[in-house]
Structure formats: structure tokens, C-alpha cells
Amino acid sequence: MMRWFLGLLLLLTMTRADAWDNDDFDLYPIVVRAGRVNRLTIDCKDAGLLREPERLVIDYVRGDGMFDHRTYAYYDSHREIPFEIIDETTLALELNFDGEMEYAFRIFRLEGDTRQPRQLANLKVYALREDLWRLRPWKGDVHMHSRYSDGKGEPAEVAAYARCKGLDFMALSDHVAYRPSLLAIEAMAALPTELRCYPGEEVHAPRNPVHIVNFGGSFGVSDWFRDHPEEYQAAFQAKLATIPADDNQVAREDVASSEVVFDQIRAGGGIAIFSHPYYRMANRVYIMDDTAEWILKRRNFDAVELIGGYEKSATEDNALMLSRYLQLLRDGNHLPVVGASDGHTYDPESFFYWYYTIVFAPSVDFGELSAAILDHRSVAVENVDGRDLRVWNADFRLARYAYFLLHEYFPKHDALCREEGELLLRAVRGDETAVPELDARRYAVAELMKKYFQADGK
């Protein structure tokens with residue numbers, strides 16, 4: 001009878017407006033392998049909470065509304081779970097995480113003589129099947145500009161701002177300029193940071209309005225145009241011959257020259273990204289509809305920039321691209337996707353912080369990032385005005401897992417990155433006192449990931 005009454009009290013507390021502060025508790029790991037029993041640790045800031053363990057109650061529910069494969073958890077019901085006191089600030093528990101999903105753990109304290117339950121925390125864990133469990137989430141942006149084209153800031157400053165944004169990897173992609181990305185790489189290589197900078201540029205073929213990001217290529221395609229015009233013309237004519245004749249000769253030529261760019265990017269080992277296909281400016285589309293449609297249907301690029309933009313009006317351009325993406329999916333054309341800021345300015349209120357990509361890969365090395373993107377293991381993220389989080393990808397598993405990470409992992413990750421990015425800004429602007437501080441915290445983000453993501457064999 002007492003256990004039934006306690007369960008009723010816990011149920012009623014779900015309707016109360018009492019706030020709790022999850023920062024008072026630290027649960028880890030938060031990403032575990034599904035299909036087995038896993039051990040979780042919870043650290044408490046307030047040592048007094050564990051002095052009377054008989055007044056603590058921990059319960060849980062699975063994200064699918066079940067307790068297990070046989071028992072449905074009715075609305076707001078949870079199941080109590082035993083726990084073990086490790087020391088005055090630490091407890092542990094074990095649970096069979098028998099499905100891939102989110103699991104919620106609530107902590108209550110029974111207050112006073114009436115033992116009224118007061119909720120202290122609502123902590124989350126995500127269990128993954130082995131294929132995703134072995135991967136790690138890496139936040140990146142491969143489309144941004146410095147003063148070397150139409151952006152602001154030195155390449156090194158843009159890289160520092162990228163770390164402030166919470167990025168694990170980035171590529172500077174100035175218009176028709178590959179060298180600035182190398183300057184960013186050199187600047188970060190000289191400092192104690194784990195931010196990975198890769199080569200990049202935004203390529204425009206001669207007399208062609210199409211924008212194409214070269215992510216990670218070993219040479220500048222823009223330089224190749226200038227240095228080898230005869231090679232380009234030969235490649236252009238050969239490509240043009242593969243495109244059926246049409247009344248819109250201008251679109252045929254734009255498609256042919258774009259596909260030469262795609263081929264050259266891949267020749268350098270990079271990823272060819274078709275950028276903002278439905279970008280509008282000056283009361284007109286920037287790329288003709290025929291050009292965009294032929295490029296999308298022929299699909300000679302590697303990935304499409306699904307969302308992005310450095311102006312608020314880009315939300316409409318993005319909506320058009322998303323609509324076209326759904327149409328392509330309906331027709332059986334599944335495109336790899338990225339989200340990108342197309343950053344031009346980098347102050348805290350700029351649109352630079354609205355769009356980015358999360359890639360699920362074993363490491364942040366370029367080879368594994370590129371393989372993951374091509375294998376559809378990336379999601380495009382938009383966070384318009386810093387409030388509305390949306391994740392875009394045709395893989396529901398990745399989207400749901402990404403939302404969990406955006407709520408439970410990346411806020412901690414981004415806070416560490418922001419502190420490091422501010423130190424990087426000081427360092428690249430000549431403040432030598434920032435370098436020892438950077439060195440002291442160099443592996444902070446790596447340690448966070450190690451803590452929250454269950455290691456192999458654990």
C-alpha cells in the first residue's frame with residue numbers, strides 16, 4: 001500500500017510547477033550501447049542530498065512510453081529503480097537499455113514528516129545500436145568568408161569565431177580564393193587547440209553564377225581556372241557534349257561548367273557542395289531554375305547545402321530548398337546534406353550562429369568526415385534567432401539522436417568551445433598571455449566527450 005501511495009505522489013508531482021536545476025547533478029555516460037545492462041554514475045553538488053539515501057527516489061521511463069517490451073507506461077507514469085551510494089557525493093545505478101531511444105531519469109527527495117516528493121532533476125540518456133554507438137558527433141561549418149573576399153576579419157579570426165560557435169571543424173571558403181583557408185590552417189596549427197581547419201573555397205566557374213564549395217580539396221579550383229584556361233575549355237566542351245540540346249543554352253553552359261568544377265574538386269580529394277540553389281537577391285533568383293533543376297537531377301555534385309544564409313530572408317530560400325529536397329526524396333533521389341552559415345560577419349548577434357552541420361563519424365579527421373557526409377551520416381541544423389532548433393535529414397534515427405545531443409550534450413560542449421574561442425581570438429590578435437591559458441585547457445572538449453560517450457568495452 002505504501003509503495004502504491006508513493007507512486008501516486010510521484011505522479012502528482014509531474015503536474016506541479018516546481019523548477020529543478022539539472023546543473024546540480026551530473027549523469028554520465030549519457031550515450032550508451034543499446035541491448036545490454038549499462039552502469040550510470042550521478043555526481044551531486046550538494047553532499048547533503050546523499051546523507052539520507054532513504055529519502056531519495058529515482059525512477060525512469062523509456063522514450064517510447066514503455067518500461068520494457070511488454071509493459072506500457074501510462075501517461076506520466078515512471079518505474080522506480082534501485083541505486084547504490086558510492087560516496088558522499090556520488091551514486092550509481094544499472095538498467096537494461098533494451099531499445100534504441102532516449103531514457104529519462106527523475107530524482108526526488110521525500111521532504112518532511114509527510115515525505116512529500118520534491119523533484120530535483122530530470123536527467124536523460126540515449127541508447128544506440130552498435131553502428132551509431134561507435135560514432136561521435138562533430139559540429140562543423142564549411143562555408144564562411146574572411147576579408148579576402150566579401151567577409152570580415154582575418155582568416156585566423158574567422159577560425160577563432162568558429163570555435164566560439166562551438167565548431168569541431170571548419171573550412172574557410174572565400175570567393176575564388178583558396179589561399180585564405182591555408183592561412184586559417186596555419187594560424188590554428190600554431191596554437192594549442194583541437195579545432196580542425198580544412199582547406200576550402202567558394203568556386204565560381206567563368207561566366208557562371210553557380211556557387212560551389214570546395215571542402216577539403218588539395219588544390220584551389222579557382223587557381224586552376226586561372227593557370228590552365230585551355231584545360232578548362234577542353235573539359236567544358238567535353239562536358240557540354242553530354243548535356244542534351246535545349247532552348248536554354250545558357251543553362252546548359254552553366255551546368256557544364258559547374259560539373260567541371262565538381263570533377264576538379266573530387267580530383268583534389270575534396271567534397272563538391274552545391275550551395276544555396278534558391279538564393280535570391282535584387283528581386284530575382286541568383287541561379288536560373290533550369291540550371292538548378294538540371295544540376296540537382298544530374299547529381300554530379302557530392303552534397304547539397306540544404307540550409308544556410310547570412311540574411312534573415314534566407315529562411316524563405318531555405319524553405320524552397322527543403323521543399324525541393326522532399327520532392328527529390330519522393331522521386332528516389334536521396335542527397336547528402338550539410339547546413340552552413342555562409343558567414344560574412346561574426347559578432348554574437350550575427351546569422352553566423354544560425355546554421356551548421358553535425359557529422360557522425362569515428363573521428364574528426366577529414367577522411368572520416370567526408371566518408372560520413374557521402375554516406376548520409378550528417379544533419380543540417382538551424383537555430384534561428386537562437387531559439388528554434390530544427391534538424392534536417394532524411395534519416396529519422398539521426399534526426400532524433402541529434403535533437404537529444406542538441407539538448408543534453410552540445411550546450412556543455414559549446415560552453416567549453418566558446419571559452420576556448422575567446423582565448424583564440426586574443427591569441428591571434430597578439431595577446432601572448434592567452435597561449436598558456438589555451439594550453440592548460442587544450443583537451444577540455446575531448447575529455448568532455450570521453451566522459452559522456454561510453455567507450456568501447458565499457
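Sort out which residues of the range 15-58 are modelled with pLDDT under 95, of a type in the set (A, V, I, L, M) and surrounded by fewer than 13 Cβ atoms within 10 Å (Cβ to Cβ), and write them in order of number.
Within the range 15-58, 17, 19, 47 qualify.
Kindly indicate which of 49, 95, 110 is in contact with a Pro (Cβ under 7 Å, 6 or more places away or on another chain) and aliphatic (A, V, I, L, M). Full working, then the answer.
Values: 49 fails: in contact with a Pro (Cβ under 7 Å, 6 or more places away or on another chain); 95 fails: in contact with a Pro (Cβ under 7 Å, 6 or more places away or on another chain).
It is 110.
If you check residue 71 against the conditions, is it open to solvent by less than 70 Å² (accessible area, probe 1.4 Å), over 20 Å from residue 401 (Cβ atoms) and modelled with pLDDT under 85?
Spelling it out, residue 71 is indeed open to solvent by less than 70 Å² (accessible area, probe 1.4 Å), over 20 Å from residue 401 (Cβ atoms) and modelled with pLDDT under 85.
Can you tell me which of 112, 65 is free of Cβ contacts under 8 Å to residues at least 12 places away in the same chain, farther than 26 Å from residue 35 by Cβ and out of contact with any helix residue (DSSP H, G or I) (no Cβ under 8 Å at 6 or more places or on another chain)?
Of the residues listed, the single one that is free of Cβ contacts under 8 Å to residues at least 12 places away in the same chain, farther than 26 Å from residue 35 by Cβ and out of contact with any helix residue (DSSP H, G or I) (no Cβ under 8 Å at 6 or more places or on another chain) is 112.
Return the total of residues in the range 384-403 being hydrophobic (A, V, I, L, M, F, W, C), in contact with a strand residue (DSSP E or B) (Cβ under 6 Å, 6 or more places away or on another chain) and in a strand (DSSP E or B).
We begin by selecting, within the range 384-403, every residue hydrophobic (A, V, I, L, M, F, W, C); these are 384, 389, 391-392, 394, 396, 398-399, 402.
Narrowing further to those that are in contact with a strand residue (DSSP E or B) (Cβ under 6 Å, 6 or more places away or on another chain): 389, 391-392, 398-399, 402.
Keeping just the survivors that are in a strand (DSSP E or B) gives 389, 391-392.
Of the residues in the range 384-403, 3 are hydrophobic (A, V, I, L, M, F, W, C), in contact with a strand residue (DSSP E or B) (Cβ under 6 Å, 6 or more places away or on another chain) and in a strand (DSSP E or B).
Filter the range 428-458 for residues that are closer than 21 Å to residue 128 by Cβ, part of a loop (DSSP other than H, G, I, E, B) and of a type outside the set (Asp, Glu); which is most open to solvent (accessible area, probe 1.4 Å)?
The selected residue is 458.
Quick grid of which residues meet (1) within 19 Å of residue 213 (Cα to Cα); (2) out of contact with any helix residue (DSSP H, G or I) (no Cβ under 7 Å at 6 or more places or on another chain):
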{"position": "280", "(1), (2)": "yes, no"}
{"position": "297", "(1), (2)": "yes, yes"}
{"position": "304", "(1), (2)": "yes, yes"}
{"position": "314", "(1), (2)": "yes, yes"}
{"position": "319", "(1), (2)": "no, yes"}
{"position": "329", "(1), (2)": "no, yes"}
{"position": "357", "(1), (2)": "yes, yes"}
{"position": "373", "(1), (2)": "yes, yes"}
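Among the numbered conditions (1) out of contact with any strand residue (DSSP E or B) (no Cβ under 6 Å at 6 or more places or on another chain); (2) under 25 Å from residue 402 (Cα atoms); (3) not in a strand (DSSP E or B), tell me where residue 114 comes up short.
(2)
Any idea which of 184, 238, 245, 177 is at pLDDT below 95 and either buried (at least 23 other Cβ atoms within 10 Å of the Cβ) or among the small types (Gly, Ala, Ser) (or both)?
Of 184, 238, 245, 177, the one residue that is at pLDDT below 95 and either buried (at least 23 other Cβ atoms within 10 Å of the Cβ) or among the small types (Gly, Ala, Ser) (or both) is 245.
Quickly run through the range 345-383 and pick out the residues that are over 21 Å from residue 31 (Cβ atoms), in a loop (DSSP other than H, G, I, E, B) and open to solvent by 20 Å² or more (accessible area, probe 1.4 Å).
Once the filter is applied, which keeps residues that are over 21 Å from residue 31 (Cβ atoms), in a loop (DSSP other than H, G, I, E, B) and open to solvent by 20 Å² or more (accessible area, probe 1.4 Å), the range 345-383 yields 345, 347, 348, 349.
If you take the residues of the range 104-125 that are of a type in the set (Val, Ile, Thr) and crowded, with 17+ Cβ neighbours inside 10 Å, which of them is farthest from residue 52 (Cα to Cα)?
Looking at the filtered set, the residue picked out is 125.
Residues of the range 155-167 being surrounded by 24 or more Cβ atoms within 10 Å (Cβ to Cβ) and acidic (Asp, Glu), which ones?
Correct list: empty.
Taking the range 312-341 as the search range and keeping residues that are part of a loop (DSSP other than H, G, I, E, B) and open to solvent by less than 60 Å² (accessible area, probe 1.4 Å), which one is farthest from residue 386 (Cα to Cα)? Give the steps one after another, and end with the answer.
In the first step, residues of the range 312-341 are kept if they are part of a loop (DSSP other than H, G, I, E, B); the result is 312-313, 331-336, 341.
Still in the running and open to solvent by less than 60 Å² (accessible area, probe 1.4 Å): 333, 335-336, 341.
Details: 333: 32, 335: 27, 336: 25, 341: 13 Å.
The selected residue is 333.
Which numbered condition in (1) open to solvent by 20 Å² or more (accessible area, probe 1.4 Å); (2) in a helix (DSSP H, G or I) is the only one that residue 209 fails?
Here residue 209 meets the rest and fails (2).
When only residues in the range 135-154 that are under 19 Å from residue 187 (Cβ atoms) and of a type in the set (A, V, I, L, M, F, W, C) count, which is surrounded by the fewest Cβ atoms within 10 Å (Cβ to Cβ)?
Going through the qualifying residues, I end up with 142.
Kindly list the number of the only condition in (1) within 22 Å of residue 309 (Cα to Cα); (2) touching an Asp or Glu at 6+ places or on another chain (Cβ under 9 Å); (3) of a type outside the set (A, V, I, L, M); (4) open to solvent by less than 20 Å² (accessible area, probe 1.4 Å) that fails for residue 388.
(4)
Quick check: anything in the range 248-268 in a loop (DSSP other than H, G, I, E, B) and either surrounded by 14 or more Cβ atoms within 10 Å (Cβ to Cβ) or touching a residue at least 60 places away in the same chain (Cβ under 8 Å) (or both)?
Yes, because at least one residue in the range 248-268 is in a loop (DSSP other than H, G, I, E, B) and either surrounded by 14 or more Cβ atoms within 10 Å (Cβ to Cβ) or touching a residue at least 60 places away in the same chain (Cβ under 8 Å) (or both).
Considering each residue of the range 47-99, count those that are among the aliphatic types (A, V, I, L, M), more than 23 Å from residue 26 (Cβ to Cβ) and not in a loop (DSSP other than H, G, I, E, B), and give that number.
1
Within the range 155-165, does at least one residue satisfy the condition of being assigned to a strand (DSSP E or B) and touching an Asp or Glu at 6+ places or on another chain (Cβ under 9 Å)?
Scanning the range 155-165, I find no residue that is assigned to a strand (DSSP E or B) and touching an Asp or Glu at 6+ places or on another chain (Cβ under 9 Å), so the answer is no.
The values are calculated or read from the model by the stated rules, or taken from the named source; none is laboratory data. Everything numeric here is computed off the predicted structure, so don't read it as measured data. Glycine gets a Cβ as well: all are built from the backbone with ideal geometry, and neighbour counts include every protein chain shown. Just so you know, the surface numbers come from the protein's heavy atoms only, side chains and all, with ligands and any DNA or RNA stripped out. Shrake-Rupley method; radii C 1.70, N 1.55, O 1.52, S 1.80 Å.
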